[in-house]
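Novice: There's a structure below that I have some questions on.
The values are calculated or read from the model by the stated rules, or taken from the named source; none is laboratory data. Since we're looking at a predicted model, the values are computed, not measured. Here the Cβ positions follow ideal geometry from the backbone for every residue, glycine too, while neighbour counts run over all protein chains shown. Protein only, heavy atoms only, side chains kept; ligands, DNA and RNA dropped before computing areas. Shrake-Rupley method; radii C 1.70, N 1.55, O 1.52, S 1.80 Å.
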Number of protein chains: 2
Amino acid sequence: MPEGAPSLEVPARVIPIPAYLSPEASGVLGMGRMTAFAYPALEDLDAWRSMIATRQEASVGILTSMAKDLPVTSKRISARGVGVYDLVPEVVDTNDPRVYLDLHGGSFLTGSGEVCRATGALAAMRSQMRTWSVDYRTPPDHRFPAALDDCLVVYRELLETHEPGDVVIGGTSAGGGLAAAVVLRARDEGLPLPAAVVLSTPEVDLTESGDSFHVNLGVDSMLVASLMPANLLYADGHDLTDPYLSPLFGDFSKGFAPTILTTGTRDLFLSNTVRMHRALRAAGITAELHVLEAGPHGGFFGLSPEDAEIAGEIRRFITEHSSHDATSATQ
Amino acid sequence: MPEGAPSLEVPARVIPIPAYLSPEASGVLGMGRMTAFAYPALEDLDAWRSMIATRQEASVGILTSMAKDLPVTSKRISARGVGVYDLVPEVVDTNDPRVYLDLHGGSFLTGSGEVCRATGALAAMRSQMRTWSVDYRTPPDHRFPAALDDCLVVYRELLETHEPGDVVIGGTSAGGGLAAAVVLRARDEGLPLPAAVVLSTPEVDLTESGDSFHVNLGVDSMLVASLMPANLLYADGHDLTDPYLSPLFGDFSKGFAPTILTTGTRDLFLSNTVRMHRALRAAGITAELHVLEAGPHGGFFGLSPEDAEIAGEIRRFITEHSSHDATSATQ
């Protein structure tokens with residue numbers, strides 16, 4: 001770029017809620033912008049523990065109430081010592097051997113325990129597959145690569161009893177970054193790749209270099225600020241461009257699994273998602289991109305017809321790429 | 001949406017040029033924002049003619065110089081009275097029966113004549129197919145449905161001598177809107193559908209209802225203001241939601257052809273493109289979305305490796321969906 005090339009000055013503006021969105025989606029945008037968290041200093045671990053507990057408490061009520069009446073059986077199991085919620089939607093054909101390995105979001109900090117159970121149950125309903133939701137370890141007490149190690153352990157455990165073509169790996173936000181990192185590391189360690197990968201608004205670049213970190217700052221009502229303090233805590237001094245931390249910088253020419261990526265036009269992680277799609281496609285990997293109009297980070301809480309449409313795309317993609325044809329089996 | 005739901009107030013910000021873009025793409029963003037045109041009053045036709053002539057003159061030099069050394073033969077022909085540039089890249093296999101019907105952009109106002117020849121030659125190089133670029137009639141002297149009528153005439157003419165599976169319809173911006181309208185109208189008139197459709201940052205909603213008309217206003221350096229005056233001039237009093245004017249509002253459950261759509265994260269038409277993708281997918285139509293990171297309207301002048309990658313996706317998509325397998329034929 002030319003020396004001294006101008007940055008773009010964009011004036012203040014008011015952005016209305018699009019009139020054509022569903023009432024559910026409009027309602028989510030109508031809640032306005034979330035309040036930004038004040039992050040502690042990196043070394044103040046007690047302050048981190050307190051902040052994480054506060055955030056966890058704030059989300060556990062709403063998520064467990066969203067999940068409590070879902071027709072999904074759940075139990076907590078141990079996979080080689082790693083805690084996992086084993087979630088089976090009633091709708092699942094008992095002959096369907098497939099498992100969806102779900103990695104929860106929460107900036108690598110939150111989303112554990114009962115939140116993991118609840119988000120796993122919601123993921124199970126979206127995928128309509130038996131789901132293993134990994135309760136991976138989190139900072140400040142367990143930093144990189146603890147979470148990734150845990151996810152790898154569970155993936156290895158699944159491969160003991162399942163064909164790779166029956167395993168799908170997916171995650172949202174930080175969990176999407178972990179999902180991509182699991183696939184890269186599985187490949188590097190010579191493990192078979194899963195049938196398909198689902199990356200929902202994935203945090204695949206902890207350096208936050210994407211253009212939408214600027215363009216959609218203040219536009220995304222869910223992610224309202226940089227997550228860099230959380231990224232640095234999780235990374236524990238490792239280079240943020242390490243592909244196991246920021247899978248966007250991986251070498252996909254060495255192989256990856258078919259991937260479906262989802263984001264929204266207002267998403268702070270729009271660039272994360274779009275760049276990951278392009279990186280996969282540049283390496284010739286099967287990859288599909290779906291973008292929710294006016295969607296903030298994470299979409300519309302999964303409650304809108306717009307979200308349901310994206311969930312339908314994910315189910316179709318999984319069916320196309322996994323061994324078991326759920327569509328024909330249920331007919 | 002709740003009564004009185006707040007619109008989002010987004011403060012002013014400075015958006016840097018992403019460091020990871022190619023030098024060519026950075027150079028385009030480094031040019032800064034184009035100057036907005038002052039549109040004449042709707043009824044001042046002489047002022048429109050003068051403005052259109054000025055804009056046409058401003059673009060003809062750069063576009064003809066971009067196209068002049070391309071290895072493409074060109075001649076102007078008449079298809080049932082409609083002017084067409086017949087453009088054949090040297091690389092095209094003489095046994096390849098396929099034709100790319102290219103509809104140029106220019107807000108329905110500009111892009112005629114030698115600009116049409118030049119942009120058609122560039123489209124021919126991108127698709128690596130014989131290309132017919134339609135020099136459709138434009139306002140203020142010829143308004144809706146004149147341009148669409150012209151494109152339909154040429155499509156009908158192509159069908160006289162070509163299998164539908166050998167015809168691809170594509171366009172950029174206003175031309176993308178026209179391309180989608182041609183397919184809707186061909187379907188409604190009982191004509192066979194083309195093999196594939198290429199919608200590059202398509203103007204499929206003349207009401208400009210999409211969220212990116214707000215979010216990316218001032219962010220897109222190429223389209224820097226509403227095009228509503230041009231839309232109203234072209235529409236000539238017709239309802240802007242008519243699907244032949246705004247194909248986004250068409251009923252795709254009655255059928256459409258496989259479609260590839262391209263846009264950029266900074267594109268004022270990001271929502272146009274994303275919404276069209278979702279509308280097609282909701283109706284079960286094969287449709288692929290590709291988004292250029294930090295790309296403004298129209299991408300990076302077609303000069304960057306990023307643009308080249310998208311052109312590669314378009315060629316692959318066409319090969320997958322048209323009768324003639326250009327890849328195997330040239331081996």
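Novice: State whether the residues of the range A:289-299 include one that is open to solvent by 30 Å² or more (accessible area, probe 1.4 Å) and at pLDDT 95 or above.
Specialist: From the range A:289-299, those open to solvent by 30 Å² or more (accessible area, probe 1.4 Å) are A:298; that's our starting set.
Subsequent filtering for residues that are at pLDDT 95 or above retains A:298.
Checked against the condition, which is being open to solvent by 30 Å² or more (accessible area, probe 1.4 Å) and at pLDDT 95 or above, the range A:289-299 yields at least one hit.
Novice: I would also like to ask the following. Within the range A:249-270, is there a residue that is in a helix (DSSP H, G or I) and open to solvent by less than 40 Å² (accessible area, probe 1.4 Å)?
Specialist: Within the range A:249-270, one or more residues are in a helix (DSSP H, G or I) and open to solvent by less than 40 Å² (accessible area, probe 1.4 Å).
Novice: Right, something else. Being open to solvent by less than 30 Å² (accessible area, probe 1.4 Å), touching a residue at least 40 places away in the same chain (Cβ under 8 Å) and over 17 Å from the mean Cα position of the chain (by Cα): is that true of A:Leu233 here? First the steps, then the outcome.
Specialist: Values: open to solvent by less than 30 Å² (accessible area, probe 1.4 Å): yes; touching a residue at least 40 places away in the same chain (Cβ under 8 Å): yes; over 17 Å from the mean Cα position of the chain (by Cα): yes.
Yes, satisfied.
Novice: Test each condition in (1) farther than 16 Å from B:Ala287 by Cα; (2) touching a helix residue (DSSP H, G or I) at 6+ places or on another chain (Cβ under 7 Å); (3) without any contact (Cβ under 8 Å) to a residue 40 or more places away in the chain for A:Glu288 and report the one that comes out false.
Specialist: (1)
Novice: Across the range B:205-217, which residue is surrounded by the fewest Cβ atoms within 10 Å (Cβ to Cβ) among those that are within 14 Å of another protein chain (Cβ to nearest Cβ) and not polar (S, T, N, Q)?
Specialist: B:Leu217
Novice: Pick out the one residue from A:Val72, A:Val28, A:Val10 that is out of contact with any strand residue (DSSP E or B) (no Cβ under 9 Å at 6 or more places or on another chain) and among the β-branched types (Val, Ile, Thr).
Specialist: A:Val28
Novice: At least 3 residues that are within 20 Å of the chain's Cα centre (by Cα) in each: list the strands (runs of 3 or more DSSP E) lying fully within the range B:54-152 that qualify.
Specialist: Working: elements: B:72-79, B:82-89, B:99-103, B:130-134.
Hits in the range B:54-152: B:82-89, B:99-103, B:130-134.
Novice: On the given criteria, is B:Leu240 crowded, with 17+ Cβ neighbours inside 10 Å, under 16 Å from the mean Cα position of the chain (by Cα) and under 30 Å from B:Leu45 (Cα atoms)?
Specialist: no
Novice: When the residues of the range B:31-53 are filtered to those that are at pLDDT below 95 and surrounded by fewer than 16 Cβ atoms within 10 Å (Cβ to Cβ), which remaining residue is nearest to B:His142 (Cα to Cα)?
Specialist: Per the stated criteria, the residue is B:Ala38.
Novice: Is it the case, given these coordinates, that A:Ser304 is at the interface with another protein chain (Cβ under 10 Å from one of its Cβ atoms) and open to solvent by less than 10 Å² (accessible area, probe 1.4 Å)? Explain how you work it out, then say what you get.
Specialist: Values: at the interface with another protein chain (Cβ under 10 Å from one of its Cβ atoms): no; open to solvent by less than 10 Å² (accessible area, probe 1.4 Å): yes.
No, not satisfied.
Novice: Okay, next question. Looking at (1) within 13 Å of another protein chain (Cβ to nearest Cβ); (2) farther than 30 Å from B:Met31 by Cα; (3) not in a helix (DSSP H, G or I), which is the one condition that is false for A:Val14?
Specialist: That leaves (2) as the condition not met.
Novice: Related question: Being more than 14 Å from chain B (Cβ to nearest Cβ) and open to solvent by 30 Å² or more (accessible area, probe 1.4 Å) narrows it down to one of A:Pro192, A:Pro202, so name that one.
Specialist: None of the others qualify; the one that does is A:Pro192.
Novice: Return the residues of the range A:221-278 that are under 24 Å from A:Val167 (Cβ atoms), touching a strand residue (DSSP E or B) at 6+ places or on another chain (Cβ under 9 Å) and small (Gly, Ala, Ser); say none if nothing qualifies.
Specialist: Result: A:Ala257, single match.
Novice: Looking at the range B:55-84, I want the residues that are more than 23 Å from B:Tyr39 (Cα to Cα) and free of Cβ contacts under 8 Å to residues at least 60 places away in the same chain and have a partner that is open to solvent by 50 Å² or more (accessible area, probe 1.4 Å) and of a type in the set (A, V, I, L, M) with Cβ atoms under 6 Å, at least 6 apart or on another chain. Which pairs are those?
Specialist: B:Leu70/B:Met125
Conditions (1) within 14 Å of chain A (Cβ to nearest Cβ); (2) over 21 Å from the mean Cα position of the chain (by Cα); (3) in contact (Cβ under 8 Å) with a residue 60 or more places away in the chain, marked per residue:
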position: B:Ser7; (1), (2), (3): yes, yes, no
position: B:Ala36; (1), (2), (3): yes, no, yes
position: B:Tyr39; (1), (2), (3): no, yes, yes
position: B:Ala47; (1), (2), (3): no, yes, no
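Novice: Moving on to the next point. So, B:Leu158, is that one aliphatic (A, V, I, L, M), surrounded by fewer than 24 Cβ atoms within 10 Å (Cβ to Cβ) and over 15 Å from B:Arg130 (Cα atoms) or not?
Specialist: Taking the combined requirement at face value, the residue does not satisfy it.
Novice: Here is a follow-up. Kindly list the number of the only condition in (1) more than 7 Å from chain B (Cβ to nearest Cβ); (2) in contact (Cβ under 8 Å) with a residue 24 or more places away in the chain that fails for A:Gly32.
Specialist: Every condition holds for A:Gly32 apart from (1).
Novice: Continuing with this model, one more query. Could you please find all residues in the range A:280-299 being part of a helix (DSSP H, G or I) and facing chain B (nearest Cβ under 10 Å)?
Specialist: Of everything in the range A:280-299, those that are part of a helix (DSSP H, G or I) and facing chain B (nearest Cβ under 10 Å) turn out to be A:Arg281, A:Ala282.
Novice: Return yes or no: is B:Glu24 more than 14 Å from every other protein chain (Cβ to nearest Cβ), of a type in the set (Asp, Glu) and either touching a residue at least 24 places away in the same chain (Cβ under 8 Å) or more than 30 Å from A:Ser304 (Cα to Cα) (or both)?
Specialist: Considered against the rule, which asks whether it is more than 14 Å from every other protein chain (Cβ to nearest Cβ), of a type in the set (Asp, Glu) and either touching a residue at least 24 places away in the same chain (Cβ under 8 Å) or more than 30 Å from A:Ser304 (Cα to Cα) (or both), B:Glu24 comes out as no.
Novice: Condition check: among the acidic types (Asp, Glu), over 26 Å from B:Ser22 (Cβ atoms) and more than 10 Å from chain B (Cβ to nearest Cβ). Does A:Asp220 satisfy that?
Specialist: Working: among the acidic types (Asp, Glu): yes; over 26 Å from B:Ser22 (Cβ atoms): yes; more than 10 Å from chain B (Cβ to nearest Cβ): no.
Answer is no for this residue.
Novice: Output the residues belonging to the range B:75-114 that are surrounded by fewer than 21 Cβ atoms within 10 Å (Cβ to Cβ), touching a Ser or Thr at 6+ places or on another chain (Cβ under 9 Å) and small (Gly, Ala, Ser).
Specialist: Within the range B:75-114, B:Gly83, B:Ser112 meet the criteria.
Novice: Within the bounds of the range A:95-112, is there any residue that is of a type in the set (Val, Ile, Thr) and either touching a Gly at 6+ places or on another chain (Cβ under 9 Å) or modelled with pLDDT under 95 (or both)?
Specialist: There is no residue in the range A:95-112 that is of a type in the set (Val, Ile, Thr) and either touching a Gly at 6+ places or on another chain (Cβ under 9 Å) or modelled with pLDDT under 95 (or both).
Novice: For the range B:118-139, which residues satisfy the criterion of being open to solvent by 10 Å² or more (accessible area, probe 1.4 Å) and more than 22 Å from B:Thr262 (Cα to Cα)?
Specialist: Passing the criteria: B:Asp135, B:Arg137, B:Thr138.
Novice: Assuming B:Val91 fulfils every condition listed in (1) more than 14 Å from chain A (Cβ to nearest Cβ); (2) at pLDDT below 90 apart from one, which condition is it?
Specialist: The one condition B:Val91 does not meet is (2).
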